[in-house]
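The values are calculated or read from the model by the stated rules, or taken from the named source; none is laboratory data. None of the values given here were measured: they were computed from a predicted structure. As a convention, Cβ positions derive from the backbone with ideal geometry for all residues, glycine included, and neighbour counts pool all protein chains shown.
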Amino acid sequence: MSTDSLAGLTMPAGPAKRPFLEVKDLTVRFNTDDGVVKAVSGSSFAVERGKTLGIVGESGSGKSVTSLAVLGLHRTRSNATVAGEIWLDDKELVTASDEEVRKLRGGKMAMIFQDPLSAMHPYYTVGAQIVEAYRVHHKVSKKEARVRAIDMLARVGIPQPEKRFNEYGHQFSGGMRQRAMIAMALVNDPKLLIADEPTTALDVTVQAQILDLIRDLQEEFGSAVIMITHDLGVVAELADDVLVMYGGKVIERGPAADVFHEPQHPYTWGLLGSMPRLDRELRERLTPVKGSPPSLINLPSGCAFHPRCPYAGRNGDRSFTESPELRGGVHAVACHLPAEDRQKIYEQEVAPNL
Amino acid sequence: MKGQESMTKAAQSENLLEISGLQMHFPITRGVFKRKVGAVRAVDGIDLTVAKGETVGLVGESGCGKSTTGRLMTRILEPTAGKVVFEGRDVSHVGNKGLRPLRRDVQMIFQDPYSSLNPRHTVGSIIAAPLQIQKIPTPKGVKAAVQDLLKLVGLNPEHYNRYPHEFSGGQRQRIGIARALALRPKLIVADEPVSALDVSIQAQVVNLLDDLQKEFDLTYVFIAHDLSVVRHISDRVAVMYLGKIVEIADRDQLYSNPRHPYTVALMSAVPTPDPARRNSAQRNRVLLTGDVPSPINPPSGCRFRTRCWKAQDICATEDPALTARLGDPESHQTACHFPVAEDEVVAGRRPASSNA
Ligand SMILES: Nc1ncnc2c1ncn2[C@@H]1O[C@H](COP(=O)(O)OP(=O)(O)OP(=O)(O)O)[C@@H](O)[C@H]1O
Ligand SMILES: Nc1ncnc2c1ncn2[C@@H]1O[C@H](COP(=O)(O)OP(=O)(O)O)[C@@H](O)[C@H]1O
Ligand code: SF4
Ligand code: SF4
Ligand SMILES: [Mg+2]
Ligand SMILES: [Mg+2]
């Protein structure tokens, strides 16, 4: 299905050169009473160690489902079907056994969620949970694990870690809780860290602290990071590569600098035009995308973005009948518009309004 | 966003709303006898005027008292001290009957379009309710009046009989706006009206609010935590911290020349959507340490001092007045003993360090 090469990586054949994480043609479906939810369709991407991939898109575009698939968390859902390939460090995870995936989760790969309260157990102290997370993957005494946990709490900037070790999640402020969850996620030194809207519930000053922490820890541990967010600013600050998702599909993918400076997809233009920015002159008016995001049960025919796209009529009937594939090299885009036309539209109509 | 011209016009015309010394202390009680053991000082002495036709933005972090201020302005809450004066009339403590004109002239739009609409009522009856309660004459009938409102906010008038759950988040926010507009109010207090919306939808609603303001001569108090949206929409901006206004200025003044260390930190924390500026944005960032203290027990003197890199002894003992500093115009007021100067090298904690 996907004819494109992976972002930024020209890969000679042979598994030896496989990126640290490689996702190929990932497709996730949920059977529900209302119909089949096409949550993720044919998504492909790669992340190397020490690099950060940003996944952006509006709510319901399939970001979280993508990350949960990588962690194998759809396995326990009877209504979910996952297809495609997920290679982590040369091991394929879609076909791996539950036991194998469980061993990797929390060890080699870990996740930070938007809402740390729901990810923490209300009846165990923060410290006890970090100790437990550590001992699942390491044969050490409780005492050793405690030392490690307190060290991690200190590492993520929690003051008085010995005292905080014995407190419960609800006794922490939002920012502290997020720090504690990061400590828990990092306790086993994961090689892949997935952060799903880790700062969405936080104030900007606290967000700045947490992003700084993630950046700093990544530098130290050299992990691959997937940063999922709806905030283009967060992506621009952290990501090396960016995926833009719409209606369960990757519609644009490339190095962050390219996606922000020469965005290719009309939806990406729409996202950038919608956003008031502090780093720009004031605009008289924002340029929103008309309409609203599609239902993943009833995706529009052809290009799922066509009901909202000002250029849908420029491709004969292709935008309405044929789903565009993600094409291009390092910077790939899924749109029927010929590259020259897109370039012209961007320069003449879009860029002046950003 | 409005041009220079309408700004000066707004500045010259009279004040629609004046609040002074406004306080809201929520009692903390204990035991069966509800013994008062303390108070949450959600709003702790603020002065603010809102001129006719202008948009005043209110920004600050979670829990700093923005919503409480909004609910005091609309007199959903009764202040524990201080005054709310609307069109020259003191409405601080008037009862339900006396509040009737205010209930028509001042409307509120809420953050959460999901919970602010009754799920069991049709959109038609939700928007019609204020018309009926206030006994507003509708010459063409209530239904026609409601359908006009639906059209006005960009919704299909034929969806009159649908229920809130049949609409998307952005559409629900439009329903909330239509309901607020039904009584042709003079002042709309919008409490995070776009915070729960996706960015593409957020821009639609911001533009709609802009258009409606022009069409109906509306005055807005726009509450938000997103500094970029507030800059886009406001003529003047007030920054709140722990129940107080710490800085207020004309929009351009505030964004180009922030004086209060908290305003400086807040602005520098906003992520820049430009990878090319990533390094300079991070270099120039002022990271605050620690969390916002509790409004039950705010720090003595300047409330920001526990997180401020410029704090000195006097900050712990003397609460700095909100006033023009460093030769700023009277419209630009800062509550800080050591305001940030134009060419000052700001030195909060630098990014990427281990000891937070
Ligand atoms: N009815 C109440 N009883 C007690 N405390 C309250 C009440 N309403 C608000 N508070 C407290 O008052 C403070 C200010 O709350 P407010 O809702 O005004 O904050 P806000 O600035 O709107 O925050 P956010 O950005 O999270 O909406 C908070 O500490 C809050 O917990
Ligand atoms: N367990 C599930 N059962 C059915 N539908 C689901 C389930 N989990 C997610 N979905 C649907 O999949 C789509 C993508 O969701 P998600 O990845 O969470 O979006 P987001 O991009 O906001 O993270 C949504 O339509 C959501 O309702
Ligand atoms: S394929 Fe057609 S509808 Fe889709 S983004 Fe391109 S021009 Fe628009
Ligand atoms: S008064 Fe002192 S503590 Fe408060 S903001 Fe100014 S310098 Fe900082
Ligand atoms: Mg999500
Ligand atoms: Mg609020």
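The table for this structure:
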{"item": "Every residue from the stretch B:193-218 that is within 10 Å of chain A (Cβ to nearest Cβ) and in a helix (DSSP H, G or I)", "result": "B:199, B:200, B:201, B:202, B:203, B:204, B:205, B:206, B:207, B:208, B:210, B:211"}
{"item": "Filtered residue count, the stretch A:263-287, keeping only those that are within 8 Å of chain B (Cβ to nearest Cβ), out of contact with any Ser or Thr (no Cβ under 8 Å at 6 or more places or on another chain) and not in a helix (DSSP H, G or I)", "result": "4"}
{"item": "Criterion: within 16 Å of ligand 2 (Cβ to nearest atom), buried (at least 21 other Cβ atoms within 10 Å of the Cβ) and either in contact (Cβ under 8 Å) with a residue 60 or more places away in the chain or under 19 Å from the mean Cα position of the chain (by Cα) (or both) - qualifying residue of A:211, A:243", "result": "A:243"}
{"item": "Residues of the stretch A:106-118 satisfying the condition of being crowded, with 18+ Cβ neighbours inside 10 Å and touching a strand residue (DSSP E or B) at 6+ places or on another chain (Cβ under 8 Å)", "result": "A:109, A:110, A:111, A:112, A:113, A:114"}
{"item": "Every residue from the stretch B:236-278 that is among the charged types (D, E, K, R) and within 12 Å of chain A (Cβ to nearest Cβ)", "result": "B:251, B:252, B:274, B:277, B:278"}
{"item": "Residue under evaluation residue B:300, criteria (1) farther than 18 Å from residue B:42 by Cα; (2) surrounded by fewer than 19 Cβ atoms within 10 Å (Cβ to Cβ); (3) modelled with pLDDT of 95 or more, criterion not met", "result": "(1)"}
{"item": "Qualifying residues in the stretch B:14-65 (those that are among the β-branched types (Val, Ile, Thr) and without any contact (Cβ under 8 Å) to a residue 12 or more places away in the chain) - the one farthest from ligand 5 (Cβ to nearest atom)", "result": "B:32"}
{"item": "Residue count for the stretch A:54-80, restricted to those that are among the polar types (S, T, N, Q), away from chain B (no Cβ under 14 Å) and closer than 27 Å to residue B:168 by Cα", "result": "4"}
{"item": "Any hit, the stretch A:255-262, residues being assigned to a loop (DSSP other than H, G, I, E, B), away from every other protein chain (no Cβ under 11 Å) and surrounded by fewer than 24 Cβ atoms within 10 Å (Cβ to Cβ)", "result": "yes"}
{"item": "Residue, farthest from ligand 3 (Cβ to nearest atom), within the stretch A:64-79, restricted to residues that are within 11 Å of the chain's Cα centre (by Cα) and touching a residue at least 24 places away in the same chain (Cβ under 8 Å)", "result": "A:70"}
{"item": "Conditions (1) surrounded by fewer than 24 Cβ atoms within 10 Å (Cβ to Cβ); (2) under 21 Å from residue A:70 (Cα atoms); (3) not hydrophobic (A, V, I, L, M, F, W, C): number failed by residue A:220", "result": "(2)"}
{"item": "The stretch A:180-200, subset within 30 Å of residue B:196 (Cβ to Cβ) and out of contact with any helix residue (DSSP H, G or I) (no Cβ under 7 Å at 6 or more places or on another chain), residue nearest to ligand 1 (Cβ to nearest atom)", "result": "A:200"}
{"item": "Filtered residue count, the stretch A:291-322, keeping only those that are hydrophobic (A, V, I, L, M, F, W, C) and loosely packed, with under 15 Cβ neighbours inside 10 Å", "result": "1"}
{"item": "Residue check for residue A:217: part of a helix (DSSP H, G or I), within 12 Å of chain B (Cβ to nearest Cβ) and at pLDDT below 85", "result": "yes"}
{"item": "Of the criteria (1) of a type outside the set (Lys, Arg); (2) away from ligand 3 (no atom under 16 Å from the Cβ); (3) part of a loop (DSSP other than H, G, I, E, B), which one residue A:61 fails", "result": "(2)"}
{"item": "Residue that is surrounded by the fewest Cβ atoms within 10 Å (Cβ to Cβ), among those in the stretch A:136-176 that are more than 11 Å from chain B (Cβ to nearest Cβ) and of a type in the set (Lys, Arg)", "result": "A:139"}
{"item": "Test: residue in the stretch B:157-175 that is more than 14 Å from chain A (Cβ to nearest Cβ), aromatic (Phe, Trp, Tyr) and assigned to a loop (DSSP other than H, G, I, E, B)", "result": "yes"}
{"item": "Extreme residue, nearest to ligand 2 (Cβ to nearest atom), among residues of the stretch B:53-64 that are part of a loop (DSSP other than H, G, I, E, B) and more than 14 Å from every other protein chain (Cβ to nearest Cβ)", "result": "B:54"}
{"item": "In the stretch B:298-334, the residues that are outside any loop (DSSP other than H, G, I, E, B) and either in contact with an Asp or Glu (Cβ under 6 Å, 6 or more places away or on another chain) or small (Gly, Ala, Ser) (or both)", "result": "B:316, B:324, B:334"}
{"item": "Condition met for residue A:53 (aliphatic (A, V, I, L, M) and either in contact with a Ser or Thr (Cβ under 9 Å, 6 or more places away or on another chain) or touching a residue at least 60 places away in the same chain (Cβ under 8 Å) (or both))", "result": "yes"}
{"item": "Helices (runs of 4 or more DSSP H) (entirely within the stretch B:65-155) containing at least 1 residues that are within 22 Å of the chain's Cα centre (by Cα) and away from ligand 3 (no atom under 16 Å from the Cβ)", "result": "B:66-73, B:100-105"}
{"item": "Helices (runs of 4 or more DSSP H) contained entirely in the stretch B:250-297, each with at least 2 residues that are under 26 Å from residue B:331 (Cα atoms)", "result": "B:251-256, B:261-269"}
